[in-house]
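**Student:** Once you've had a glance at the structure underneath, I'll fire off some questions.
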Amino acid sequence: MNITINGKEIAFEHGDTVLQVAKRAGIRIPHLCSLDWAPSPSASCRLCVVEVEGSPRLQTSCTLQAAEGMKVQTHTPRVMKARRNIVELLVANHPQDCLACDRQGACELAELTREVGVRPRQYAGMKKDQHLDISSPAIYRDPNKCVLCGRCVTMCHQIQGVGAIDFTDRGFRTQVAPGFSAGLNVSGCTYCGQCVRVCPTGALMERSHVSAVVAALSDPNTVVVAQVAPAVPATLDQERTKHEGVPVMLEHLAAALKRVGFTAVFDTGFTADLTIMEEANELVERVKTGGVLPMFTSCSPAWIQYVELHRPDLIPHLSTCKSPQQMAGALIHEIYPKFAGFVAGDGTRGTKRLVVVSLMPCTAKKFEAEDVGDVEYVLTTRELGALWERFGIDFDSFTDRAPLDPPFAEATGAARLFGGTGGVMEAAVRTAATLLGGAAPAGPLPEARGLDGFKCFNVDVNGITLNLGVINGLGRLPSTLPAALSGMHFVEVMSCPGGCSGGGGQPYNSDMTDVKKRIKRIYEADKKAEVKYSHENKSVAELYEEFLGRPLGEVSHHLLHRSYTDKSALTALHGAEADTGAVCAAAEAAA
Amino acid sequence: MSPVHEASRVEALLAERPDHSRDQLIPMLQEIQVREGYLSQAAMTELAVALDTPVASVYGVATFYNQFRFAPLGTHVIELCRGTACHVKQSLALQQHLQRRLKLRPDGNSADKRFTVLKVACLGACSIAPVIKLDGEFYGHLTIEKLDSLLDALDRDCYAAEEAGVA
Ligand code: SF4
Ligand code: SF4
Ligand code: FES
């Protein structure tokens, strides 16, 4: 089947929209409200309008189904004028303080203004004066910069199934806000950051830690160390535009981070292996002793937040393991000062302040760091770009390498897998099978791979059948939890579609194709790794020997495990109103 | 009115109307407002849970429509007509006077929460413009002086009632 766009015949498949066909053919039609990620466009921005032969009205290409013989023009004078008008109206009440906006350089709205040729000061619109929401440790909202495209609402409702924010009020006062216009911190928001990742403006952003990290790096009495999550190098490699074919390795990151002043760079993969050791042992213990099953993974902080806020009844099912980020933070603070030969303190009287900075694909990690402690700052993959800029590093052409630093330098192929959906499951199965006295699967576990919303499968080891499940994205929880809770042993939950590779701290404007490319790199890293089983990580074994004792032992319990809190009261805003009793002013005055 | 009390009234409403589908959102909000005089956060939260809809969406829908109020009604409700006939007969001056005398907040409630002033498009009593409805009774051909004497009378009653309560 063919459709003609701008005089060119283009093949399409049944169900394609004109916008999709055009995109595949390399024709960019500006659009704001539709999202590759979400099934049903709201068709509210009307930027994607096109002219269709035989139809007097402009049509929205995001909803227009391609049809045999259809003739479409995407950039006629009439269309261009309509689009320019729309964007000029959008920016009329925008603060236009772009020069001091963190979104600068990656702002879709700014790109749109250029694309459609916005003329300066066409409409003298009233500026919005709405409150900033700085209530959460992970995400801030500046409703004044919002263009009401609704992408965040689509993400939060349709994809993540949380519904923490929605359109409120009407007309000029319309904004996207939590219920009762409260702060995100009492909205039931999980801090997954999916809304941030798709926002075209600076209206939703992570709480930036860049300046704080720069300040720590410039303080001579502070030792700043970094830990890098497995999804980060995979993403930087996928995003790389120069030096294609030279994969971005952790070692490049280590060299660049040391160049800007980090004392040591550790691999969060090390603690991913450690997580597997603890978690696999916890699973085996639960299975053998009749503990609470299924056990859910606990690496994804937005999932933890989801449970604590919305499903506190599931708390006993959560693995008590801290996430790899938190295990690393705790161990670095416990072990590194002695290892490196300095006294940790507040930076005075001969001591050094130790600051751990995590590089994560995630906004919720910022919340986790504040909630659990041990990690001072978290930079998202996006913020890393800002860090390079501050220090004048052109990372794209950066080819130096430096080794990662002991004692947390070594990570196995299993640890690499943490960066994609199903990865923790696959890594855990490798080790749990060995613990149960069976043979560890040698190759990949195809049942755990792929982007399906819910994967379930069995693994037989030594007479025990483990029923396993992988839930990909918070939005799948309502439909999959019942199955997960009936008879499964171990269930991985990652909050973001695709797992960490699709995390809320990942680059803007990336779609599922990009996420797949990142996951492919992760699988390659696993394939290339010499050691594939977490229990064969020599540094981890040494750590147990010299310091931790054994998995689930007392030191582990203290450093590597955590507890959870029922936070459901935070989402029920009952009784938050002021006293409503009427008093008689006249009587009061007389008294 | 404690929030617990309000919540249990929503519970009663939910029991009366077994259809808890999302389509029921607006009718339920209307009914809560009829019974409570306004939509409290507690009531909206409870309704959200019952209709399995995010609180943000319930609040979003409620704030979209002008018909919903988010603060309780005062003891006395004044409906001030701002229709064309009343406007011609200076109803704006009445509105401004009420604003000053009662120290009205943006939600239409007086500072002491005893009065609620609602601006109405037309009360349908143009022949006696400018007109208000005070606690359901029409008062026409109003002037600022007449309005003051009405309010003074209410203040005297309230004062007397408080005195009696204290004694
Ligand atoms: S961070 Fe996630 S849960 Fe919170 S508002 Fe955004 S999409 Fe919704
Ligand atoms: S906050 Fe961002 S994504 Fe959400 S409606 Fe506004 S501009 Fe769109
Ligand atoms: S993208 Fe089509 S109407 Fe917004």
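The values are calculated or read from the model by the stated rules, or taken from the named source; none is laboratory data. On a predicted model such as this, the values are computed, not experimentally measured, just so you know. Positions of Cβ are backbone-derived with ideal geometry, glycine not excepted, and every protein chain shown enters the neighbour counts.
**Student:** Tell me which residues, restricted to region A:43-68, are within 16 Å of ligand 2 (Cβ to nearest atom) and either under 16 Å from A:MET80 (Cα atoms) or buried (at least 19 other Cβ atoms within 10 Å of the Cβ) (or both).
**Tutor:** Matches in region A:43-68: A:CYS45, A:ARG46, A:LEU47, A:CYS48, A:CYS62.
**Student:** Also, quick follow-up: Can you find, within region A:163-207, the residue that is farthest from the other protein chains (Cβ to nearest Cβ) among those that are of a type outside the set (Val, Ile, Thr) and within 16 Å of ligand 3 (Cβ to nearest atom)? Full working, then the answer.
**Tutor:** First, pick out the residues of region A:163-207 that are of a type outside the set (Val, Ile, Thr): A:163-164, A:166-167, A:169-173, A:175, A:177-185, A:187-189, A:191-195, A:197, A:199-200, A:202-207.
Now restrict to residues that are within 16 Å of ligand 3 (Cβ to nearest atom): A:167, A:199-200.
Values: A:PHE167: 5, A:CYS199: 16, A:PRO200: 21 Å.
Checked region A:163-207; the qualifying residue farthest from the other protein chains (Cβ to nearest Cβ) is A:PRO200.
**Student:** Report, by residue number, each residue of region A:450-474 that is among the aliphatic types (A, V, I, L, M) and surrounded by fewer than 18 Cβ atoms within 10 Å (Cβ to Cβ).
**Tutor:** Selection gives A:ILE464 alone.
**Student:** When residues of region A:135-150 are filtered for being under 13 Å from A:SER44 (Cβ atoms) and either among the aliphatic types (A, V, I, L, M) or under 16 Å from the mean Cα position of the chain (by Cα) (or both), how many remain?
**Tutor:** Count: 2.
**Student:** Separate question: Name the helices (runs of 4 or more DSSP H) wholly within region B:5-111 that hold at least 3 residues that are within 14 Å of chain A (Cβ to nearest Cβ) and within 28 Å of A:HIS310 (Cα to Cα)? I'd like the intermediate steps shown before the answer.
**Tutor:** Numbers: elements: B:25-36, B:41-50, B:55-64, B:84-88, B:91-102.
Where helices (runs of 4 or more DSSP H) fall fully within region B:5-111 and carry at least 3 residues being within 14 Å of chain A (Cβ to nearest Cβ) and within 28 Å of A:HIS310 (Cα to Cα), they are B:41-50, B:55-64.
**Student:** Of the conditions (1) buried (at least 17 other Cβ atoms within 10 Å of the Cβ); (2) touching a Leu at 6+ places or on another chain (Cβ under 8 Å), A:THR168 clears all except one; give me its number.
**Tutor:** (2) is the only condition that A:THR168 fails.
**Student:** Return yes or no: is A:GLN158 surrounded by fewer than 21 Cβ atoms within 10 Å (Cβ to Cβ) and either more than 22 Å from A:GLY504 (Cα to Cα) or away from ligand 1 (no atom under 16 Å from the Cβ) (or both)?
**Tutor:** Working: surrounded by fewer than 21 Cβ atoms within 10 Å (Cβ to Cβ): yes; either more than 22 Å from A:GLY504 (Cα to Cα) or away from ligand 1 (no atom under 16 Å from the Cβ) (or both): no.
Answer is no for this residue.
**Student:** Could you list, in sequence order, all residues of region A:179-190 that are near ligand 1 (Cβ under 8 Å from one of its atoms) and touching a Leu at 6+ places or on another chain (Cβ under 8 Å)?
**Tutor:** Within region A:179-190, A:GLY188, A:THR190 qualify.
**Student:** When you go through (1) buried (at least 16 other Cβ atoms within 10 Å of the Cβ); (2) in the same structural domain as B:ARG22 (by TED's automatic domain parsing) one by one for B:SER91, which number turns out not to apply?
**Tutor:** Among (1) buried (at least 16 other Cβ atoms within 10 Å of the Cβ); (2) in the same structural domain as B:ARG22 (by TED's automatic domain parsing), the lone unmet condition for B:SER91 is (2).
**Student:** State all residues of region A:443-492 that are within 21 Å of the chain's Cα centre (by Cα), farther than 24 Å from A:MET155 by Cα and of a type in the set (D, E, K, R); if no residue qualifies, say none.
**Tutor:** none
**Student:** Would you pick out the residues in region A:114-155 that are more than 14 Å from chain B (Cβ to nearest Cβ), within 16 Å of ligand 3 (Cβ to nearest atom) and over 30 Å from A:ALA369 (Cα atoms)?
**Tutor:** A:GLU115, A:VAL116, A:VAL147, A:CYS149, listed by residue number.
**Student:** Those residues that are part of a helix (DSSP H, G or I) and touching a Cys at 6+ places or on another chain (Cβ under 7 Å), I need them from region A:178-223; list them, please.
**Tutor:** Listed by number, the residues that qualify are A:GLN194, A:CYS195, A:VAL198.
**Student:** Let me ask something else. Considering only region A:418-437, I want to know if a residue exists there that is among the aromatic types (Phe, Trp, Tyr) and part of a strand (DSSP E or B).
**Tutor:** No, because not a single residue in region A:418-437 is among the aromatic types (Phe, Trp, Tyr) and part of a strand (DSSP E or B).
**Student:** Restricted to region A:69-90, and to residues that are away from ligand 3 (no atom under 13 Å from the Cβ) and crowded, with 17+ Cβ neighbours inside 10 Å, which residue is farthest from the chain's Cα centre (by Cα)?
**Tutor:** A:MET70
**Student:** Here is a further query. Looking at (1) surrounded by fewer than 18 Cβ atoms within 10 Å (Cβ to Cβ); (2) closer than 23 Å to B:ARG69 by Cα; (3) within 14 Å of another protein chain (Cβ to nearest Cβ), which one does B:CYS122 not meet, given that it meets all the others?
**Tutor:** (3)
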